[in-house]
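Below is one structure, written out as structure tokens; comments come after it.
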Amino acid sequence: MEISQSKQDVIQKTKQYKKRSQILEVWRRLKRNKAALIGLAIVILLFLMVIFADVLYDYKGVVIKQNIPNRLQHPSLAHPFGTDELGRDMLARIIHGGRMSLSISLVSVAFSLLIGGSLGAITGYFGGRIDMVIMRIMDIFLAIPPTLLAITIVAALGPSTINLVIALAVSSVPTFSRIVRGSVLMVRDVEFIEAAKAIGATNRTIIIEHILPNSFAPVLVQTTLSVAVMILTTAGLSFLGLGVQVPTPEWGFMLSSGRTYIRDHSYLTLFPGLAIMATILSLNLLGDGLRDALDPRLK
Amino acid sequence: MNHQGKRLAVLLFLLAFITGMLTGCGGAAATPAPQQEAPENTAAAVKPTAAEAPTESTPKKDTIVIANADEPPSLSPYDHNAIYADYMNQLTYNGLFRLDETSNPVPDLVDTYENLSDTEWLFKIHDGVKFHDGSTMTAEDVKASLDFAKTFPAIASYTASYSSVEVVDPLTVKVTTNGPSAGLLYDLAYHSNYIVPKALIDSGNNFNENPIGSGPYKYVKWTLGDKIEFVKFDDYFDKDSMPSITNVTWKFIPEGSSRSIGLEAGEIDLLVEVDTTDMARLKGNPDLVVLEHPGFTHNWLMLNNEAKPFDNPLVRKAISTALDRESIIEVALNGLASLTISQTPAGMLGESEVNAEGYNVEKAKQYMADSGVDPATVKLDIICSNETKRRAAEVIQANLAEIGITNVTTTSMDLATYLQVTGKGDYTGAIGGYRAFNMVAFLQNTFHSSAIGGSNKTRLNNPEVDALIEKAAATVDQEERAKILRQVTELLNEITPQAPIYQELYIRAYNKDLGGVAINSAGVLRINKLYWK
Amino acid sequence: MWKFIFKRVFALIPVIIGVTLIVFFIMSLSPGDPAKMILGDEASPEAVQLLRQEMGLDDPLLIQYSRYMYNAIQGDMGLSYKSKKPVTEEIWARFPNTIKLTLTAMTLAVIISLPLGIIAAVRQNSFFDGFSMLLALFGVSMPPFWFGLLLILFFSLKLGWFPSSGSESLKSIVLPSVALGFLHMASIARTTRSSMLEVIRQDYIRTARSKGLSYSSVIRKHALKNALIPTITVVGLQVGVLLGGAVIVETVFAWPGVGRLMVQSIMGRDIPMVMGCIILFATGFTIVNLIVDLLYGFIDPRIRSMYT
């Protein structure tokens, strides 16, 4: 007992040490990739903007405040991004819209990661019948193109922010479960897991402490890319009239509802479009960079 | 390190390039120009494209390409209620009557007619009317068609006015109505009562796939999801209205901007549905003509009169007077609609603005105070089933906040859900509209208690209103009927079941070389009258 | 080999049944009454109720579903609620268009992004590497309806090169397939690049180089073939994304495809039509992935041996 206790301590310490050095190593490699750094910088900037949105512009007093005589103003000093069809300041709406867009994507990714990830971990680790049943169910979901699945779910539940999140989350659960399952399968039978088993670790601790950290890399990459995909899908759903409800600003919705003005008031689509582009581009650059940095084969 | 620097340069270059392209093609025409000048400016930019269009080179065109947003559910006249399907029906079928430029019924297949008594009408059709299958129309076909139409529930409200049809001689039918009917001739002009060959009804012909009628154009081909093609019917009975253009191609383009661009680029000759945002530009284009006509479609903020506190007429009046209709029309339709404060459509027999009130915040606050309802407790959810309605609802949200009703939400719904919840009365508010060809039909379908569960969505159940509508429906004399209809309108304005907002404009935009384009308030467009100049 | 194909096709059946089950229940439980939608605004509640009974909409869901499946297995996919035409007829009329669009878009994406990925890998960290990767990302970062509208504004209206809508001429496929194809360049180019990088570092490539073969011929003869395996997987998986994107692109360009039909049918609660479309999509998507698996065999003999 005592021996095994001290052994576990050693394992624990080595692991912590290894973890720290791994993170440093990844950061060192990421630093070399300028594109990824730019991506990271933009992402951080976006998050700061979104977090401090209320400081920058008041929601009630500016973001949703209508001023109809002042509608459809081209960009000027007073309104750097112009005003929309209800005379609301576009810059303020873009900043607050980012909050909505990013939260929708992040929350839905978090949900699908949680559900898909745990399903993947369980099935990958235990294998056998559970694996069979759950993966067959996942196959069914995988057979429906994700956008179409999301459209069907939102149309069925009725368009609202919550239903949008549900649809987005459900449609990417299979992807996450596949990824986690795959990486669990890869490490399931390697030596240190067997060692852990040998010293009497429970299934739960093995999954949480050993296996999940190992699927961290692919999951992180997929998460960054998924956030981008979700933003794009939200925009597509808005285009089909299945987006958020007014007066909440959201990029995809703004882009979609500004499209009727695309020719005389192109700034109504240009700025939300650029915001979406910048976000997706930077998330992709960051994701690609992370993938390279996390891949031990590409040292 | 050097590579990295280059990579960074590329990134910046590319971003600059992309931004350039986006602003370049998205806004080049409009960016520097102030709002009012935009149309001229854009039109000038568009001009060279129109000149390049291949259509200019051909000397005489024998084809017209028309476009609208939605594909018709059916080419049969009997099993739908969609205005855009009626466009197709008008090409291949005729009714006994049709609506003229002022939206009054005039004889079409009918040659002469006679009102025998309050409930009996004698219709004599033209001799020698040919169907597309070569057969000649007789009174038997008329009877069979009208009897057939009565079996379709979707169009039941347009077949309810007549009870029986009898063949008097090979060219004459006698139609008996359920009591005196003011709406019969209007109903007979509606697509649900178009005439088809009896033989085809008997043989179980699918009129959706094989739309045989007597209309000016014959059906050729339906490319599902794309277009329907028609060709001129050489034996058309009405020689004065013989089509001048041989081929008609009707395309379905859901996206509004794509439609306008198609017209500007010369791919399309005539648009029957135009996005109001594109109007200014289309009007400024010297190669195009834009026609506007006030339509009968009456739009409003529907309120469920059974739901609290909207059962209180003072609350409804407060809401109605709080609406800044001008702003709503400006935002939702770019100003292209006629403002309305009356419960019934302008332009129809029996219109009136007596007892109707427009935008007045002070008055709205007073009504609210008089109602005894605390505006902070009012909860209104406005259902919108399309983009225009959503924009309108957004302005209404702000308008109602002015009188203290701050708890106003909006819900976007697809048409299917909208129809179900509003039909069942499972809602508080919605932006809705109704199109009818005459006042009696309008009133019966929107305010008569028998239409509750159907199109009476406010669920108004007022015996006085019901009685007046029934009286008007049974009054054949026009002047007498007008008096009663005005009475109903004024009573409804007093009750304010819902808050009227606007009446849509019918818009047609077309190639300037196209002649003979005319529309009426019912949206009827006679393609056989069009010609290339 | 045949045994493998047979097994895989057989495994498709429960997946398709599962898909129909899920979609049928989602559609049936959603608000919006198909009968009311057919009859329209003015129809009385009685008429709606009568039609509901006629259509069997009041039966328990499981019975409705079994009835649907029973007919479907016999090849009867039912009539569209909206057009009253056979679902199969409506779908087959549009299916070739969707195939045309997705194939052209995919080909376009592959033709552009494959060389981008290869050259990016061969010239890792060069100007071209950065340029090509960004170019590939450009497509994926723009919502397709916006990109589509910009294409129309520029190429149909300003330059007058291509029609803005429809499907008559060969020219009309250009813009929709560019709008759709651009969406997929990123993932293909990215995968090609990273798998090329991986392969280039392998020993056998070094050996080939040391034998005196030129760099380009090594890349052509040895590296490319192996690097293509992950690319093919991605192309296969992207078919699903492509079908999703097609829904939007088809709407913008009024392209008469199945994607738009499906969205319209979802909105109109046209359940038989939605079911028909989803069965087609799911089957098509699964078959494409099966083909992808088989293609591995042709490219990689090691995998081929696993099938036998």
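No value in this document is a laboratory result; all are computed from the given coordinates. In this text the structure is predicted, and so the values were computed from the model without any measurement. Every residue, glycine as well, gets a Cβ built from its backbone with ideal geometry; the counts of neighbours run over all protein chains shown.
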Top positive-direction residue, dipole computed over the protein assembly as shown with Cβ charges, set B:PRO345, B:THR489, B:TYR502: B:TYR502
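Kirkwood hydrodynamic radius, computed over distinct alpha-carbon pairs, for chain B: how many Å, to one decimal? Show your work: numbers first, answer last.
Working: mean 1/r = 0.0393 Å⁻¹.
This gives a value of 25.4 Å.
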Chain B, relative contact order [Cα under 8 Å, separation at least 6], %: 18
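Would you kindly calculate the translational diffusion coefficient of chain C, applying Stokes-Einstein with the Kirkwood radius from alpha carbon pairs, for 20 °C and a viscosity of 1.002 mPa s, and quote it in µm² s⁻¹ without decimals? Don't skip to the answer; put the middle values down first.
Details: Rh = 22.2 Å.
Using the Kirkwood radius from Cα pairs, D works out to 97 µm²/s.
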Under the span-like rule (Cα at least 20 Å along the axis, Kyte-Doolittle mean at least 0.5), DSSP H helices of chain B: B:2-27
Straight-distance crosslink candidates among aspartates and glutamates, where the alpha carbon sits under 18 Å from B:LYS512 and sequence neighbours closer than 8 are dropped: B:GLU40, B:GLU52, B:GLU56, B:ASP62, B:GLU264, B:GLU267, B:ASP269, B:GLU273, B:ASP278, B:ASP287, B:GLU292
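Would you mind ranking B:TYR434, B:TYR190 so that the residue whose beta carbon has the fewest other beta carbons within 10 Å leads the list? Kindly include the intermediate steps, with their values, before the conclusion.
Working: B:TYR434 20, B:TYR190 27.
Lowest to highest Cβ neighbour count: B:TYR434, B:TYR190.
Show that you can apply the helix-only estimate: for chain B, add -39,500 (n - 2.57) for every DSSP H stretch of four or more residues, divide by all residues, and state [θ] at 222 nm to the nearest 500. Working shown, then result.
On the way: 17 runs with 185 residues, N = 533.
Taken over chain B, the calculation gives -10500 deg cm²/dmol.
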Solution diffusion estimate, µm²/s, Stokes-Einstein, segment A:154-299, Kirkwood Rh from C-alpha pairs, 37 °C, viscosity 0.692 mPa s: 183
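Which of the peptides A:217-225, C:71-79, B:305-313 is most tightly packed, and how do the rest follow, judged by the mean count of other Cβ atoms within 10 Å per residue? List each step's numbers first, then the result.
Numbers: A:217-225: 20.7, C:71-79: 13.9, B:305-313: 16.7.
Final packing ranking: A:217-225, B:305-313, C:71-79.
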Cα extents of segment C:2-73 along the three principal axes, largest first (Å): 58, 19, 17
Nearest 10 degrees, 0 to 90: helix A:216-239 Cα axis against chain A principal axis: 30
Net charge of neighbours whose Cβ lies under 12 Å from the Cβ of B:ASN305, counting Lys and Arg as +1 and Asp and Glu as -1: +2
Average projection area in nm² (convex hull over Cα atoms of segment C:146-277, one quarter of hull surface): 11.1
Under 20 Å from C:LYS3, Cα to Cα: aspartates and glutamates that are on another chain or at least 8 residues apart: C:ASP293, C:ASP300
Charge dipole (chain A, unit charges on Cβ, about Cα centre) - positive-most of A:GLY289, A:MET135, A:PHE47: A:GLY289
Listed residues A:SER238, A:SER257, A:SER266, most fluctuating in chain A (Gaussian network, C-alpha, under 10 Å): A:SER266
Relative contact order [Cα under 8 Å, 6+ residues apart], chain A, whole percent: 25
Filter on B:LYS533/C:LYS84; B:LYS174/B:LYS457; B:LYS143/C:LYS85; B:LYS221/C:LYS158 - keep pairs with C-alpha separation over 29 Å: B:LYS533/C:LYS84; B:LYS174/B:LYS457; B:LYS221/C:LYS158
Per-selection metrics, the protein assembly as shown (Cα): Rg and Dmax in Å: 32.2, 113
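Please give the per residue volume of the convex hull enclosing the alpha carbon atoms of chain A, rounded to a whole number of Å³.
Values: hull volume 47.6 nm³, N = 299.
Spread over its residues, the Cα hull of chain A gives 159 Å³ apiece.
Take every residue in peptide C:246-258, count the Cβ atoms of other chains within 10 Å of its Cβ, and give the average of those counts. The partial results should precede the final answer.
Numbers: counts 3, 7, 7, 0, 2, 7, 7, 4, 14, 2, 8, 2, 1.
If you average over the peptide's residues, the count of other-chain Cβ atoms is 5.
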222 nm mean residue ellipticity, helices alone, for chain C (DSSP H n ≥ 4; -39,500 (n - 2.57); rounded to 500): -25000 deg cm²/dmol
Two-site FRET efficiency, C:VAL9 against C:ARG67, from Cβ-Cβ distance with R₀ of 22 Å, rounded to 0.05: 0.25
Peptide-level mean, for C:14-27, of C-beta atoms on other protein chains within 10 Å: 4
Shielding by partners - mean other protein chain Cβ count within 10 Å, residues of A:276-285: 5
Computed magnitude of the charge dipole of the protein assembly as shown (debye, nearest 20; Cβ of K, R +1, Cβ of D, E -1): 7380
Chain A: angle of helix A:128-143 to the longest principal axis, Cα-based, in degrees nearest 10: 20
Reachable aspartates and glutamates, given that their alpha-carbon falls under 20 Å from the alpha-carbon of A:LYS60 and they are not under 8 places away in the same chain: A:ASP84, A:GLU85, A:ASP89, A:GLU250, B:ASP381, B:GLU394, B:GLU402
